[in-house]
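Computed from the coordinates by the stated procedures, all read-outs in this text should not be read as laboratory data. Keep in mind it's a predicted model, so treat the numbers as computed, not measured. Don't worry about glycine lacking a Cβ; one is built from the backbone with ideal geometry, like all the others, and counts go over all protein chains shown.
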Ligand code: PRP
């Protein structure tokens, strides 16, 4: 019997788009559309088992082999550097990692810059690359408040439409890196289930380049 392909999907709107892509590629699982609180869905016929997980946890499931493949944002991959294969850019969930500040903020390079962020690794790397001394303030959300309350000088955060910044009177100062959703695979799982994963990849590649 063919082994089941375990797939971690990011819960939420992005995950629903991703599922639709898998379904179109012939890896559907009709029970996933039942509106209940279940988190695991299986379709033996197509050899797939899907789990809904918190978007920032997808890479952990895949790295440790609880899922063979999954979809994670490039932000998470850059921040946590999980030991997984990055197989494909899905060209969805597009946004960018950026530095933002209050409109009237002027950087004084003689002072240590106070940076509030959830993405401490990305922020440290970025400022090291431009030789700027920083003091990192790690926050878990609502990062935009930090410069308004004087907790930080700038923030490093995800910008998608720019609405959150605008509504909090902040402006983008630098773009650090563009972000999009990536298909990732567990390294051992990829060896055992190469055929299924390659089939999925080639069908998805055909679609993302339509
Ligand atoms: C992200 C990010 C910004 C917002 C940007 O937050 O941290 O706050 O989206 O989107 P916009 O440019 O379209 O306004 P998210 O909603 O993912 O929640 P979080 O606060 O948990 O990061």
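At a Förster radius of 22 Å, what calculated FRET efficiency corresponds to the Cβ-Cβ distance of residue 11 and residue 168, to the nearest 0.05? It would help to have the intermediate numbers written out before the result.
Numbers: r = 26 Å, r/R0 = 1.18.
The value I calculate is 0.25.
Given q = 0.30, 0.33 Å⁻¹, what are the Debye log10 I(q)/I(0) values for the stretch 56-101, with equal point scatterers placed on the Cα positions and solvent ignored?
Listed by q, the Debye log ratios stand at -1.24, -1.38.
Relative contact order (percent) for the chain, with alpha-carbon contacts under 8 angstrom and 6 or more residues of separation?
Numbers: 395 pairs, mean separation 56.7, N = 210.
Once normalised by length, the contact order is 27 percent.
Roughly how many whole Å is it from the C-alpha centroid of the stretch 1-45 to that of the stretch 176-208?
Between the Cα centres of the stretch 1-45 and the stretch 176-208 lies a distance of 15 Å.
Within a 10 angstrom radius of the beta carbon, how do 174, 79 rank from fewest other beta carbons to most?
Details: 174 14, 79 20.
Taking fewest neighbouring Cβ atoms as first place, the list is 174, 79.
Once you treat every alpha carbon in the stretch 111-164 as an equal point and sum by Debye, what is log10 I(q)/I(0) at q = 0.16, 0.29 Å⁻¹?
Debye output, listed in q order: -0.44, -1.19.
Report for the stretch 66-180 the percent antiparallel among DSSP-assigned beta bridges with both residues inside it, nearest 5.
Working: 14 of 22 bridges.
Beta bridges within the stretch 66-180, antiparallel portion: roughly 65 percent.
Using the Cα atoms of the chain, I'd like the radius of gyration and the largest Cα-Cα distance, Dmax, both in angstrom.
Using the Cα atoms of the chain, the pair Rg, Dmax is 19.6, 66 Å.
Which of the peptides 180-192, 56-68, 161-173 is most tightly packed, and how do the rest follow, judged by the mean count of other Cβ atoms within 10 Å per residue?
Details: 180-192: 19.1, 56-68: 20.9, 161-173: 13.8.
Sorting 180-192, 56-68, 161-173 by mean packing, highest first, produces 56-68, 180-192, 161-173.
Treat the count of other C-beta atoms within 10 Å as a stand-in for reagent exposure and order 113, 39 from fewest to most.
Details: 113 18, 39 11.
In increasing order of surrounding Cβ atoms, one gets 39, 113.
Return the percentage of antiparallel bridges among DSSP beta bridges fully within the stretch 3-136, rounded to the nearest 5 %.
Details: 4 of 15 bridges.
Beta bridges within the stretch 3-136, antiparallel portion: roughly 25 percent.
Looking at the stretch 1-68, what % of its DSSP beta bridges pair antiparallel, to the nearest 5?
Numbers: 4 of 10 bridges.
The answer is about 40 percent antiparallel.
If you bin the C-alpha pair distances of the stretch 1-105 every 5 Å from 0, what whole percents do you get?
In order of increasing distance, the bins hold 2, 11, 21, 23, 17, 11, 6, 3, 2, 2, 1, 0, 0 percent.
Which whole-number percent gives the relative contact order of the stretch 109-210, counting Cα pairs below 8 Å spaced six or more residues apart? Please report the intermediate quantities before stating the final value.
On the way: 92 pairs, mean separation 23.7, N = 102.
Here the relative contact order equals 23 percent.
Relative contact order, percent, of the stretch 8-90 when contacts are C-alpha pairs under 8 Å separated by at least 6 residues? Don't skip to the answer; put the middle values down first.
Details: 95 pairs, mean separation 26.5, N = 83.
It rounds to 32 percent for the stretch 8-90.
Find the all-direction average of the projected area of the Cα convex hull for the stretch 109-203, expressing the result in square nanometres with one decimal place.
Values: hull surface 35.3 nm².
Convex hull of Cα atoms, orientation-averaged projection: 8.8 nm².
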